[in-house]
């Protein structure tokens, strides 16, 4: 009995310690943001310039301020470039001595961003392997996710020269960029839904019909699986752009039509409205219709 009592007392203490750790992490992040804001402001730039040109520039504080200001300016320049130029082209030299076209490769870099943060860039490499048509490009390598049909787009916009069709590199790049943005929009739906339902920080819920799981269910991120504490499961169907197209709900008796209709509402509501209906207090379950 004493061991059980001690264990019960330790659980809230561990939770309190974890909350304090999370608070410390949030405060450190907020401090970094505030420091970056000050360094990026006109006052911060003038202070850094004055510190670097003054006679006291040899002090550690002045040197540190000038270094941080220089790093912040470089970071701002890089961020502005990545935000304003989501697709960039560059030349690459293939070190393979047997590479076609003397190892000359055209590289394409695609930027992707969500919630104010840049993801790891995607790269597409093109070469010119056709001796009889040296201006025609061919897909060489890429780091795109499997959901982006890069091979199909290459066959459509960068056709083989034997067919006599003209290649359209600009259209190829635009279609790739659109598919990448759509993919990240769909991925963001599940993340936003988890965040709105408070599932990023798992805590025990007293409601038996609360949502406990929201995960991507397929490689294209067009299906989102929803799980309830009472054993029900749902499948959220998204379109190419990440908008909610349909929702199905199942429980131990089969398909739950009434809950699905209630959650979908008018069918034109946004993600925030759906998240509000998924809250335990918004889902009433009397007189449900089922189908096997």
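Coordinate-derived values only; no laboratory data. Note that this is a predicted model, so its numbers are computed, not measured. Don't worry about glycine lacking a Cβ; one is built from the backbone with ideal geometry, like all the others, and counts go over all protein chains shown.
Here is how the numbers come out for the structure above:
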{"read-out": "Sites residue 115 and residue 35, calculated FRET efficiency, Cβ-Cβ separation with R0 25 Å, nearest 0.05", "value": "0.75"}
{"read-out": "Exposure proxy ranking, count of Cβ atoms within 10 Å, fewest first, for 223, 252", "value": "252, 223"}
{"read-out": "Estimated translational D of region 87-184 in µm²/s (Stokes, Kirkwood radius over Cα pairs; 4 °C; 1.567 mPa s)", "value": "90 µm²/s"}
{"read-out": "Relative exposure of 104, 196, 91, judged by other C-beta atoms within 10 Å (fewest first)", "value": "91, 104, 196"}
{"read-out": "Order of 75, 183, 130 - criterion: other Cβ atoms within 10 Å of each residue's Cβ, fewest first", "value": "75, 130, 183"}
{"read-out": "Segment residue 272-residue 20, length gained on full extension (0.36 nm per residue, minus Cα span)", "value": "87.8 nm"}
{"read-out": "Region 134-174 pair-distance distribution - Cα-Cα, 10 Å bins, rounded %", "value": "28, 57, 15, 0"}
